[in-house]
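The values are calculated or read from the model by the stated rules, or taken from the named source; none is laboratory data. Treat the numbers as computed from the prediction; the structure is a model and nothing was measured. Here Cβ is always computed from backbone atoms with ideal geometry, including for glycine, and neighbour counts include all displayed protein chains. To get the accessible areas, we keep the full protein, side chains included, count just its heavy atoms, and leave off ligands, DNA and RNA. Shrake-Rupley method; radii C 1.70, N 1.55, O 1.52, S 1.80 Å.
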Amino acid sequence: HERGELSFLESIAKEGINAIDIGANVGITTVAIAKRAGGGKVYSFEPISQYADILRENISFNGIENASLYELAVTAHKGFIDCYDDGLSSGIVSKEGAKKFKVPTITIDGFLHSNGISEIGLINMDCEGSELLALRGAKETLSMNKIQIFCEIHRDFLKQLGYSVKDVVTYLKNLQFEVQSVSLDSLKLGSDFDKCDYIYAQNTD
């Protein structure tokens, strides 16, 4: 799972690219993208402190100087939201036996505006059901940048929030993105959104 994910990310993260890593957890993807980006910057988001602390250590241990960590959840509105952690992963969908935290939220559009960041070329997402919400909060960014998106899909969590994979795909297509399914077994792109665990999207205009 992780090897395939990292292989795909490393194939699309180019030297000099500015990237956003949403739901970065302990930093495996952040470190991989940062190493490939070189002179580019990686903006990494992880709202749960215990994961953020390990992520921070991983950035330091790997000598990464082009990644910044923000202990924020990315969604469609700025404010606060309940987040649930089961010891392996976290998200805004409640899980049996999970610890509940109140965490601050940010939108991608708002974050980039407030930090004077004008160009983003890659968004990596593993946000446990809030994929569509995070993308809705990035509408201006997605409309004004040539961006690649690699997004893990969590069907059950999406369903609990009232959404589907089709909703995510349709939203991106309406913003003029070409959207494809990703098979991590072969890293081949396709159009099987009923079974895929990831999607890859890019706008060419």
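For region 138-173, enumerate the residues that are surrounded by 22 or more Cβ atoms within 10 Å (Cβ to Cβ) and of a type in the set (Gly, Ala, Ser).
Ala138
Which condition from (1) in contact with a strand residue (DSSP E or B) (Cβ under 9 Å, 6 or more places away or on another chain); (2) closer than 17 Å to Glu46 by Cβ; (3) free of Cβ contacts under 8 Å to residues at least 40 places away in the same chain; (4) open to solvent by 70 Å² or more (accessible area, probe 1.4 Å) is the one that Cys83 breaks?
Of the numbered conditions (1) in contact with a strand residue (DSSP E or B) (Cβ under 9 Å, 6 or more places away or on another chain); (2) closer than 17 Å to Glu46 by Cβ; (3) free of Cβ contacts under 8 Å to residues at least 40 places away in the same chain; (4) open to solvent by 70 Å² or more (accessible area, probe 1.4 Å), the odd one out for Cys83 is (4).
Can you give me the number of residues within region 78-120 that are at pLDDT 95 or above, touching a Ser or Thr at 6+ places or on another chain (Cβ under 7 Å) and not β-branched (Val, Ile, Thr)?
Residues meeting the conditions: 5.
Residues Ile17, Ile22: which one is out of contact with any Pro (no Cβ under 6 Å at 6 or more places or on another chain), surrounded by fewer than 23 Cβ atoms within 10 Å (Cβ to Cβ) and hydrophobic (A, V, I, L, M, F, W, C)?
Details: Ile22 fails: surrounded by fewer than 23 Cβ atoms within 10 Å (Cβ to Cβ).
Result: Ile17 is the single residue among Ile17, Ile22 that is out of contact with any Pro (no Cβ under 6 Å at 6 or more places or on another chain), surrounded by fewer than 23 Cβ atoms within 10 Å (Cβ to Cβ) and hydrophobic (A, V, I, L, M, F, W, C).
With the condition being farther than 17 Å from Leu133 by Cβ, I'd like the strands (runs of 3 or more DSSP E) fully within region 8-101 carrying at least 2 qualifying residues. Walk me through how you get there before you give the answer.
On the way: elements: 19-22, 42-45, 67-70, 79-85.
Qualifying strands (runs of 3 or more DSSP E): 42-45, 67-70.
Can we say Ile153 is at pLDDT 95 or above, touching a helix residue (DSSP H, G or I) at 6+ places or on another chain (Cβ under 9 Å) and of a type outside the set (Lys, Arg)? Give the steps one after another, and end with the answer.
Numbers: at pLDDT 95 or above: no; touching a helix residue (DSSP H, G or I) at 6+ places or on another chain (Cβ under 9 Å): yes; of a type outside the set (Lys, Arg): yes.
Considered against the rule, which asks whether it is at pLDDT 95 or above, touching a helix residue (DSSP H, G or I) at 6+ places or on another chain (Cβ under 9 Å) and of a type outside the set (Lys, Arg), Ile153 comes out as no.
Consider Cys127 against the criteria (1) on the phi < 0 side of the Ramachandran plot; (2) assigned to a loop (DSSP other than H, G, I, E, B); (3) surrounded by fewer than 19 Cβ atoms within 10 Å (Cβ to Cβ); (4) of a type outside the set (A, V, I, L, M): it satisfies all of them except one. Which criterion is unmet?
(3)
Give all pairs with beta carbons closer than 8 Å in which a residue from region 8-33 that is under 19 Å from Ser183 (Cβ atoms) meets a residue that is open to solvent by less than 20 Å² (accessible area, probe 1.4 Å) and of a type in the set (Asp, Glu); count only pairs at least 6 apart in sequence or on separate chains.
Thr29/Glu5; Thr29/Asp21
Given the criteria hydrophobic (A, V, I, L, M, F, W, C), in contact (Cβ under 8 Å) with a residue 12 or more places away in the chain, open to solvent by 20 Å² or more (accessible area, probe 1.4 Å) and more than 24 Å from Ala201 (Cα to Cα), does Leu69 qualify?
Values: hydrophobic (A, V, I, L, M, F, W, C): yes; in contact (Cβ under 8 Å) with a residue 12 or more places away in the chain: yes; open to solvent by 20 Å² or more (accessible area, probe 1.4 Å): yes; more than 24 Å from Ala201 (Cα to Cα): yes.
When the stated conditions are applied, Leu69 passes them.
Any residue in region 173-187 that's acidic (Asp, Glu): show its pairings with residues that are assigned to a loop (DSSP other than H, G, I, E, B) at Cβ separation under 8 Å, as long as the two are six or more apart or on different chains.
From region 173-187, the pairs are Glu178/Asn203; Glu178/Thr204.
Considering region 158-183 alone, what residues qualify as being closer than 16 Å to Asp126 by Cβ and assigned to a helix (DSSP H, G or I)?
Once the filter is applied, which keeps residues that are closer than 16 Å to Asp126 by Cβ and assigned to a helix (DSSP H, G or I), region 158-183 yields Leu158, Val165, Val168.
I'd like the full set of residues that are outside any loop (DSSP other than H, G, I, E, B) and either buried (at least 20 other Cβ atoms within 10 Å of the Cβ) or in contact with a helix residue (DSSP H, G or I) (Cβ under 9 Å, 6 or more places away or on another chain) (or both), limited to region 184-203. Write out each step before concluding.
As a first pass, look at region 184-203 and keep what is outside any loop (DSSP other than H, G, I, E, B): 188-190, 198-202.
Those that are outside any loop (DSSP other than H, G, I, E, B) and either buried (at least 20 other Cβ atoms within 10 Å of the Cβ) or in contact with a helix residue (DSSP H, G or I) (Cβ under 9 Å, 6 or more places away or on another chain) (or both): Tyr198, Ile199, Tyr200, Ala201, Gln202.
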